[in-house]
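Note sheet for the following structure.
The values are calculated or read from the model by the stated rules, or taken from the named source; none is laboratory data. All values derive from a computational prediction rather than experimental measurement. So basically every Cβ, Gly included, is an ideal-geometry build from the backbone, and we count neighbours across all protein chains shown. The accessibility values were calculated without ligands, DNA or RNA, using every heavy atom of the protein model including side chains. Shrake-Rupley method; radii C 1.70, N 1.55, O 1.52, S 1.80 Å.
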Amino acid sequence: NPLHLNCLVEYLRKEGPGAIPRNLAVVYGVCLATMIEAKVDPDDDLDIDYLERQLGSYALECLVEEQPIPCRSYLLEKLDSAEAEKVEKVGKASGLLVTNGGVAGFSHAVIQEYLAAIYLAGQSKEEIRAFCERHSRNPLLRNFFKILCGCIVSAEKQAQVLDYLEKNNLALFMDCLRGRTNFSDEMQKQLSKKDIEAIARQALKTYMTISNRYLSKAKPYMSFWQTLSDPDTSIR
C-alpha cells in the first residue's frame, strides 16, 4: 500500500531507523503530524492537536452519515467563519483535504479513519461505548476500529471497546487485539527481553483461548465438521 509505505518511511525518517512503532496508528500519527507541521505557520495559534480535533470530528461524521454536510458547512456550525476558513485552508495545504467538484473532502480513506479514530479516542468512555453499540457491526468500519484500538492509550477506554467487541463481534475483536500492541512510552522504555517474552507468551495464550472459543461456537454451523464427525464417513 503506497500510503502505508510513505507513512512508514516518514516515521523512520523522523524517529530514526532503529525505531519500532507500537502499531500502525502510531505510524499514521507521525506522518500526518509531519504533513501538518510543514504547512502550519509557526507564528499562528493553530496547533496540530486542535486541527486534528476539528477535522476528526468531521471525519467521524462522514464515517457514519450516509450524506454528510460539506466540510465548510460543518465547521461553520462549530467555529466562527475566520476559524473555519483557517482549519479548511491548512487541511488542504497539508494534503489532508482535497477539493472535488468545489467541495472539500478527505484525500484518502485511511486519513479520514485515523482522524476520526483520534477524535473518538479523546471522548468519554460512555461515548466510545455508545459508538461501538451503534456501529461495530458495520463492515465498512472494520479498519476504523483497528486504528481506534491503536489510538487509545487509556486502559479503561480500551476496555470499553475490546470488552464490547469480544461479546458482540468476535472476529473484529481478534483483528483489533492483534493490531493494538499499545504500551505507554514509559512502559516501553522499561521493558526488558524477559518482559517482552512474558508478554508474547501471554498474548499467544490469549489468542489460543479465543480461537478455541470461536471454533467451539462455529462447529455446529460448519458442514464439513459435521461430515467428518459422522462415524460412517470414508475419511476420518
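Among the residues of segment 43-65, write down those that are within 15 Å of Gln123 (Cα to Cα) and among the acidic types (Asp, Glu).
Taking segment 43-65 as the starting set, the residues that turn out to be within 15 Å of Gln123 (Cα to Cα) are 49-50, 52-61.
Passing the criteria: Asp49, Glu52, Glu61.
The single condition among (1) aliphatic (A, V, I, L, M); (2) part of a helix (DSSP H, G or I); (3) at pLDDT below 90 that Ala104 does not meet is (2). Kindly check whether there is at least one residue in segment 37-59 that is open to solvent by less than 50 Å² (accessible area, probe 1.4 Å), in contact with a helix residue (DSSP H, G or I) (Cβ under 8 Å, 6 or more places away or on another chain) and charged (D, E, K, R). Yes: segment 37-59 contains one or more residues that are open to solvent by less than 50 Å² (accessible area, probe 1.4 Å), in contact with a helix residue (DSSP H, G or I) (Cβ under 8 Å, 6 or more places away or on another chain) and charged (D, E, K, R).
Residue check: Val153 meets all listed conditions (1) of a type outside the set (D, E, K, R); (2) touching a residue at least 60 places away in the same chain (Cβ under 8 Å); (3) open to solvent by 40 Å² or more (accessible area, probe 1.4 Å) but one, namely (2).
Does Leu3 count as in contact (Cβ under 8 Å) with a residue 24 or more places away in the chain and either within 27 Å of Ala130 (Cβ to Cβ) or part of a strand (DSSP E or B) (or both)? Criteria not met by Leu3. What are the residues in segment 75-101 that are farther than 16 Å from Leu46 by Cα, touching a residue at least 24 places away in the same chain (Cβ under 8 Å) and not in a strand (DSSP E or B), if any? Gly95, the sole residue that qualifies.
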